[in-house]
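First comes the structure, then the notes that go with it.
The values are calculated or read from the model by the stated rules, or taken from the named source; none is laboratory data. None of these values were measured; they are calculated from a predicted model. Virtual Cβ from ideal backbone geometry, glycine too; neighbours counted across all protein chains shown.
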Ligand code: MN
């Protein structure tokens, strides 16, 4: 039972007895069942628990364990869900996750007579707080979109945008796990060293080129073993699921610090993830062929190649980035969509990223987070960062609803991501939201506050 195989839980005819799950356009129909960590109310109810999203409700998975009898794997998974993070559950691996999904699908589908027993385990999302769902041990960020790499490279090297290693190596760097936070928590404008062109020396102060990056985050479930590279074909056995991810980036700090070892403080101040984790199995209907390599591109080296991965290693997920400025919020106008891109266009598949990550003997642990890198497409309006949309800040965006302009983010701006999978013959599923607002920088230590 692999994560790419279709089964009864993907049946487009399935409906839930929870009416909000059956509404057209719902992110969480019964075919999705994404995981989160939530709390509700006060006292013992304020305890953190693992839940599954269904319509506008959350099902407390651990509270349903008595309904899992007869299925040992599902029972083990439900017991592991009585925890304040998904880590115990995610490390169980695909067979247990699949058994739990199958049982939850049966419990939540229309016609089930256990609903009275389940009602006590349901909490409306409007009455719950969502938390960082995973204790993240390591955070790696890749650079898997060739369109993003080309657009960014062109700003620096107009004649030679793509470096020669790009089509051989899934480029990545080790990020900072302890600054990953959940959607809704604000992000403070970072301080750092920047140096303007023409200046002889850098200065220390608030970033003036603060940007976002639209990414998909992958959570490792079943661990890999040190000194044992994971093959591309085995990679999905280690994938628990996916979230929306915003890799906030201070471009002015980045351009001064990145040579020769890559990004550091320009990225480590904050990363925002969505609270919902859509499982690898829920995404099975949206697996597509890996994006075609251009004629003349080198074949991947054997350890990064798999025929099966070329055939169905891609994921078709549309990612939208929207901006709500303070003025938009004050005037009550809706957020403005800045881009729509799709993970199906990534040059490197998630299977290749996992294989590459472990190819030197490095182990992956439950709760490790891998970012795809900015997901950009080729066409207009498909660039997943302001750096690309404004051509390095040289062509500011005009925000029609308020008449404002943006090259980079300003204090009070809110950046909102959403993600959606659609394919004829299947029920669409969504990822919820990944949103955060920019707070002004703190005063520079040792200097009087300007404001
Ligand atoms: Mn990134």
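Tabulated values for the structure
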| quantity | calculated |
| --- | --- |
| Hits in the range 242-259 - residues which are within 16 Å of the chain's Cα centre (by Cα) and either surrounded by fewer than 24 Cβ atoms within 10 Å (Cβ to Cβ) or in a strand (DSSP E or B) (or both) | 242, 243, 244, 245, 246, 249 |
| Residue in the range 11-25 that is closer than 23 Å to residue 134 by Cβ, assigned by TED's automatic domain parsing to the domain that holds residue 126 and touching a residue at least 24 places away in the same chain (Cβ under 8 Å) present | no |
| All strands (runs of 3 or more DSSP E) inside the range 371-447 with 1 or more residues being within 16 Å of the ligand (Cβ to nearest atom) | 414-421, 429-439 |
| The range 131-144, subset more than 16 Å from the ligand (Cβ to nearest atom) and in a loop (DSSP other than H, G, I, E, B), residue nearest to residue 370 (Cα to Cα) | 137 |
| Listing of strands (runs of 3 or more DSSP E) fully contained in the range 160-220 that carry 1 or more residues being surrounded by fewer than 20 Cβ atoms within 10 Å (Cβ to Cβ) and either touching a residue at least 12 places away in the same chain (Cβ under 8 Å) or in the same structural domain as residue 146 (by TED's automatic domain parsing) (or both) | 172-174, 180-182, 191-194, 203-206 |
| From the options 331, 316, 352, residue that is touching a helix residue (DSSP H, G or I) at 6+ places or on another chain (Cβ under 9 Å), touching a residue at least 12 places away in the same chain (Cβ under 8 Å) and surrounded by fewer than 21 Cβ atoms within 10 Å (Cβ to Cβ) | 316 |
| Given (1) within 18 Å of residue 149 (Cα to Cα); (2) away from the ligand (no atom under 16 Å from the Cβ); (3) in contact (Cβ under 8 Å) with a residue 24 or more places away in the chain; (4) surrounded by fewer than 18 Cβ atoms within 10 Å (Cβ to Cβ), index of the condition residue 262 fails | (2) |
| Residue 95, sole failed condition from (1) at pLDDT 95 or above; (2) in a helix (DSSP H, G or I); (3) buried (at least 19 other Cβ atoms within 10 Å of the Cβ) | (3) |
| Given (1) closer than 23 Å to residue 439 by Cβ; (2) touching a helix residue (DSSP H, G or I) at 6+ places or on another chain (Cβ under 7 Å), number of the condition residue 245 does not satisfy | (2) |
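For (1) within 16 Å of the ligand (Cβ to nearest atom); (2) more than 30 Å from residue 206 (Cβ to Cβ); (3) at pLDDT below 95, each residue gets a yes or a no:
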{"residue": "102", "(1), (2), (3)": "no, yes, no"}
{"residue": "108", "(1), (2), (3)": "no, yes, no"}
{"residue": "115", "(1), (2), (3)": "no, yes, yes"}
{"residue": "129", "(1), (2), (3)": "no, yes, no"}
{"residue": "146", "(1), (2), (3)": "yes, yes, no"}
{"residue": "167", "(1), (2), (3)": "no, yes, no"}
{"residue": "171", "(1), (2), (3)": "yes, no, no"}
{"residue": "184", "(1), (2), (3)": "no, no, no"}
